[in-house]
1. Under a Cβ-Cβ cut-off of 15 Å, what is the net charge of the residues other than ILE171 that fall near it, where Lys and Arg count +1 and Asp and Glu count -1?
2. Using a Förster distance of 41 Å, how high is the FRET efficiency between ALA249 and LYS123, based on the Cβ-Cβ distance and rounded to 0.05?
3. I want to check the label-to-label distance for GLN242 and ILE57. Put each point 7 Å from Cα in the C-beta direction and report it in nm to one decimal.
4. If I take R0 = 45 Å and measure r between the Cβ atoms of LYS107 and LEU157 in this structure, what FRET efficiency does the formula 1/(1 + (r/R0)^6) give, to the nearest 0.05?
5. Between the alpha-carbon centers of region 23-69 and region 115-185, tell me the distance in whole angstrom.
6. What FRET efficiency comes out for SER178 versus THR114 if R0 is 30 angstrom and r is the Cβ-Cβ distance? Round to the nearest 0.05.
7. Tell me which GluC sites (Glu not before Pro) from region 155-241 have a DSSP coil assignment and no more than 16 other beta carbons within 10 Å of their own.
8. How about region 107-208: which chymotrypsin sites (Phe, Trp or Tyr not before Pro) there lie in a loop by DSSP and see at most 15 other Cβ atoms within 10 Å?
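Every read-out reported here was derived from the displayed coordinates using simple, explicitly stated rules and does not represent laboratory data. Predicted, not measured: the structure shown is a model, and the values here were computed from it. Reconstructed Cβ throughout: ideal geometry from the backbone, glycine too, with neighbour counts over all protein chains shown.
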Amino acid sequence: MAAKLLESQGGSLSIRIDEYDLNYVNAIRRYIISEVPTLAIEDVVVIENSSLIYDEIIAHRLGLVPLKTPKKYLEQAGAQLMLVLDAKAEGGTRTVYSGELVSVEDKEVYPVSTEIPLLKLAKGQSIKIEAYARLGSGKKHSKFSPISKATVKPSPLVNVINDSTDKMKEIVDSCPRSVFYIKEGKLTVADEDACTFCMECVKVDAGSVEIKEKYNSYILSIESIGQHEARDALMMGINLIQRDLGKLAEKVMTL
Ligand code: SF4
């Protein structure tokens, strides 16, 4: 088996996994979506709310605010942290954003984005809330899921059959991912992994290029929401599979 990092920027990560069965790669994808724990608001105590928005709607919106989740909480299944939202509209109508939600117990826990609108306050209105964040996973509620995208696709195999085709410039220009270039007058593959199977190059000259899927080779791509770094979410997904398989092995041993 081999793994190659294809992309890692911002919250995105793509790796190519070779000589590995699709079912295993997909299991990693599903574990990242549904098993990797994060903190999210579960309970809300509304102390004051003179806005036009019902308490229940505000509580629901707070639950959907992604919270940075330090690794130290991952082994604390019962961890609970209080965050406070205390806002007033003194000058005129204003929007209350997620950035005003503050953790009083641990400054390492904070909203991933400070710009999620929560509610509006008219002049003189105010809101005061205690919100309790707990650890959970995506299988309980999607608000706990640490990623917005997780895909598995086959790795592309790009073959140049005729590297002297008189349509080589058209083939190079047709590719939206710059997979081809011309080197010393020959059509050459520059970056096979960038291919998206759009088949535009084949439409130009089907006799000169061939696009196939590599056997037992897959590209796993994930995009983090921000509670964890993408690489950490991937590692946690893999570690959780190992943990669960270990538990299963122990059970089977006792049969
Ligand atoms: S299938 Fe599309 S992305 Fe892939 S090499 Fe051809 S033109 Fe480029």
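1. Spelling it out: positives minus negatives among the neighbours equals -3.
2. FRET efficiency, ALA249 to LYS123: 0.05.
3. 4.8 nm
4. Once rounded, the FRET efficiency stands at 0.35.
5. 21 Å
6. 0.25
7. Sites meeting the loop and neighbour criteria: GLU184, GLU229.
8. Within region 107-208, the qualifying chymotrypsin sites (Phe, Trp or Tyr not before Pro) (loop, at most 15 other Cβ atoms within 10 Å) are PHE197.
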